[in-house]
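Please treat every number below as a calculation from the coordinates, not as lab data. These numbers were taken from a predicted model, which means no experiment stands behind them. Methodologically, a virtual Cβ is constructed for each residue, glycine included, from the backbone with ideal geometry; neighbour enumeration extends over all protein chains shown.
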Amino acid sequence: MRIIHLQVGGSINSHMDASVSAIGFFDGLHAGHRQLIAKAMEIAKEKGLKSSLITFSPSPQSFLLKSEEHLLTTISERIKLAEEIGLDQIIILKFNKKLSQLSPDEFHEEIIQKMNIKHLVCGEDFRYGFKGAGSVESLKTDKRFSLSVINDIKAEDNRISSTLIKSALSEGDLVSVEKYLTKPYAIDGYVKHGRKLGRTIGFPTVNLSYSKTKILPRDGIYIGITTVRGKNYVSTINIGHNPTVNTVIDKSVESFIHDFDEDIYNERVSFKFIKRIRDELKFASVEELISQMHKDIQASEDFFDSKTREGYEIETI
């Protein structure tokens, strides 16, 4: 898959391959986004053109509001998912002042035409141009490219959106999140050194160094999966401040990987969140904490029966 970084007034030219492109911010690459991408890939195959995903970085909202990004998927994660889906190319368009101030007609000229887009696929609520002046209706007026508009996908009468997924994450409802995303919510990062106090009570954990722009699920204990060197392992994951022992000011994300004992410091891993078990609690003693951790670990083991393990492609010891 080709990865292309572009910006208005700098690197966009008319020598790009003709493509069918799905356009949007695509935070999460959820079920609704995937329908757009599937349509673009289908039309690209029919027309013998490249299939593309056009996304933006930083997020338009954070740029315009001058605020920090809070993302379901970082750019690197979007690239990884786009490659897994099978797209020919992902185009990362830098969202800057010049782009934000384009009129709809200028957007057509500077983006769609210069990027050699022959067919565009977008959602019914897609907006573009200065102050969102452009819409599906203005896209339809330009006959130099054809257009497919995909209606919203709903789950239990709720429109599947990044906002809906963020709300479910804040509630710790990872079952719904997985349904909306069509896969478990994941946080990728590198294994960092912690205080190593977990191993003193029999529960060595993997501490994750992750992008601070990434949205974390609600604090608590989760049934999860840790992916190490391409293999999935049953895990019990904690998000919080470790109030009983090893209390930290900055929020930590750490995983106890079941039946695993290897040195993986500085390696890239992925934590996948499947189901929330409980709140993070402050226990009266270390003994009470250890007792509860045994119960949490057993809850994770009980969840992953033989059928479930096979569905998540988990290593069987």
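Can you give the local net charge around LYS118? Use residues other than it whose beta-carbon is closer than 15 angstrom to its beta-carbon, Lys and Arg +1, Asp and Glu -1.
In short, +2.
Could you pull out the pairs from LYS98/LYS214; LYS131/LYS214; LYS114/LYS212; LYS231/LYS251; LYS50/LYS307; LYS98/LYS212 whose alpha carbons sit more than 31 Å apart here?
With Cα atoms farther than 31 Å apart: LYS114/LYS212; LYS50/LYS307.
Report the FRET efficiency, 1/(1 + (r/R0)^6), for THR308 and SER135, where r is their Cβ-Cβ distance and R0 is 45 Å, rounded to 0.05.
The calculated FRET efficiency here is 0.55.
On C-alpha positions alone, give me the angle between the axis of helix 75-85 and the longest principal axis of the chain, in degrees, nearest 10.
Relative to the chain, helix 75-85 is tipped by roughly 80 degrees.
What trypsin sites (Lys or Arg not before Pro) does the range 1-79 have in DSSP loop regions with at most 14 other beta carbons within 10 Å?
LYS66
What do you get for the angle between helix 31-47 and the principal long axis of the chain? Use alpha-carbon atoms, 0 to 90 degrees, nearest ten.
Value to nearest ten degrees: 40.
Please figure out what share of the DSSP beta bridges in the chain is antiparallel and state it in percent, rounded to the nearest 5.
60
Based on DSSP H runs of at least 4 residues, each adding -39500 (n - 2.57), what is the mean residue ellipticity at 222 nm of the chain after dividing by all its residues, to the nearest 500 deg cm²/dmol?
-8000 deg cm²/dmol
Enumerate the whole-percent occupancy of each 10 Å bin, from 0 to the last occupied one, for all C-alpha pair distances of the range 184-311.
Distribution as computed: 12, 49, 34, 5 percent.
Quick one: helix 162-171 against the long Cα principal axis of the chain, what's the angle to the nearest 10°, folded into 0 to 90?
For helix 162-171, the angle is close to 10 degrees.
Which residue, ALA299, ALA284, ALA168, has the most motion in a Gaussian network model of the chain that connects Cα atoms within less than 10 Å?
The residue with the greatest mean-square fluctuation here is ALA284.
Just to be sure I understand: of the beta bridges DSSP finds with both ends in the range 87-201, what percent are antiparallel, rounded to 5?
About 40 percent, rounded to the nearest 5.
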